[in-house]
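*Asks:* This is the structure, below, for whatever I ask next.
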């Protein structure tokens with residue numbers, strides 16, 4: 001970001017970027033807590049996630065108020081205006097990621113009541129993918145790195161592919177034994193939460209790219225979630 005004649009304006013823009021990076025760090029920790037709660041059956045991690053989520057909401061409100069003040073007092077133009085407006089979109093996506101992670105952590109409390117007769121390797125893989133997405137895109141937000149943004153934008157398809165596999169696997173388990181319906185339903189919601197986290201990380205990638213370069217990425221983002229059209233037939 002270019003230097004301005006008014007030093008305090010530069011400091012305000014740096015503060016805005018720092019606020020978003022802080023929010024991103026909290027969201028990263030929320031996803032890590034959700035992973036620990038689900039994969040390690042750690043109820044304390046789930047409780048910490050629920051307790052942490054309000055801080056994400058508070059930061060989103062702080063960013064909104066700060067942006068309104070910047071727009072009113074500084075009347076930004078060109079790249080500065082794109083960045084300031086983009087910050088509202090990015091913090092909105094980060095807030096939703098926090099909500100999805102918290103929801104997943106809450107479901108782990110129900111899952112702890114069941115002895116799961118199947119592997120959570122697929123979910124573990126999804127967690128690894130979305131955590132890598134988050135780390136990369138939060139770095140991109142902090143530095144304005146469009147190459148990292150494009151890397152995240154392209155990685156969404158891999159998350160969708162894993163989700164599709166988990167979707168079919170869990171539906172099959174439910175069809176084989178009605179006792180699997182409750183835990184598998186919660187696992188389906190968790191997998192969908194992770195898929196949506198990937199979508200919001202991709203949204204942030206598109207916003208970073210536009211804020212820095214003033215160019216919109218192609219509408220046809222790499223994506224392969226075909227679960228709405230999945231048909232699973234019972235074995236005869």
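Here, each number is a calculation from the coordinates, and none is a lab measurement. All values derive from a computational prediction rather than experimental measurement. Cβ coordinates were reconstructed from backbone atoms using ideal geometry, including for glycine residues, and neighbour counts include every protein chain displayed.
*Asks:* Which residue out of 49, 32, 37, 58 is out of contact with any helix residue (DSSP H, G or I) (no Cβ under 9 Å at 6 or more places or on another chain) and either more than 19 Å from residue 137 (Cα to Cα) or touching a residue at least 40 places away in the same chain (Cβ under 8 Å) (or both)? Show your work before the answer.
*Replies:* Numbers: 49 fails: out of contact with any helix residue (DSSP H, G or I) (no Cβ under 9 Å at 6 or more places or on another chain); 32 fails: out of contact with any helix residue (DSSP H, G or I) (no Cβ under 9 Å at 6 or more places or on another chain); 37 fails: out of contact with any helix residue (DSSP H, G or I) (no Cβ under 9 Å at 6 or more places or on another chain).
Of the residues listed, the single one that is out of contact with any helix residue (DSSP H, G or I) (no Cβ under 9 Å at 6 or more places or on another chain) and either more than 19 Å from residue 137 (Cα to Cα) or touching a residue at least 40 places away in the same chain (Cβ under 8 Å) (or both) is 58.
*Asks:* Determine the pairs where a residue that is in contact (Cβ under 8 Å) with a residue 24 or more places away in the chain, located within the stretch 61-84, has a partner that is exposed (fewer than 12 other Cβ atoms within 10 Å of the Cβ) and not in a helix (DSSP H, G or I) with Cβ atoms under 8 Å apart, the partner being 6 or more residues away or on another chain.
*Replies:* Listed by first residue and then by second, the contacts come to 79/2; 79/214; 82/214.
*Asks:* Taking the criterion of being within 18 Å of residue 131 (Cβ to Cβ) and outside any helix (DSSP H, G or I), would at least one residue in the stretch 77-92 satisfy it?
*Replies:* No, the conditions are met nowhere in the stretch 77-92.
*Asks:* Under the condition of being free of Cβ contacts under 8 Å to residues at least 60 places away in the same chain and out of contact with any helix residue (DSSP H, G or I) (no Cβ under 7 Å at 6 or more places or on another chain), which residue from the stretch 136-174 is nearest to residue 117 (Cα to Cα)?
*Replies:* 147
*Asks:* If you don't mind, another one. Is there a residue in the stretch 66-86 that is within 18 Å of the chain's Cα centre (by Cα) and either crowded, with 16+ Cβ neighbours inside 10 Å or farther than 26 Å from residue 180 by Cβ (or both)? First the steps, then the outcome.
*Replies:* Let us first name the residues in the stretch 66-86 that are within 18 Å of the chain's Cα centre (by Cα), namely 86.
Of the ones still in play, those that are also either crowded, with 16+ Cβ neighbours inside 10 Å or farther than 26 Å from residue 180 by Cβ (or both) are 86.
Checked against the condition, which is being within 18 Å of the chain's Cα centre (by Cα) and either crowded, with 16+ Cβ neighbours inside 10 Å or farther than 26 Å from residue 180 by Cβ (or both), the stretch 66-86 yields at least one hit.
*Asks:* Any idea which of (1) out of contact with any helix residue (DSSP H, G or I) (no Cβ under 8 Å at 6 or more places or on another chain); (2) under 23 Å from residue 205 (Cα atoms) is the one residue 113 doesn't satisfy?
*Replies:* The one condition residue 113 does not meet is (2).
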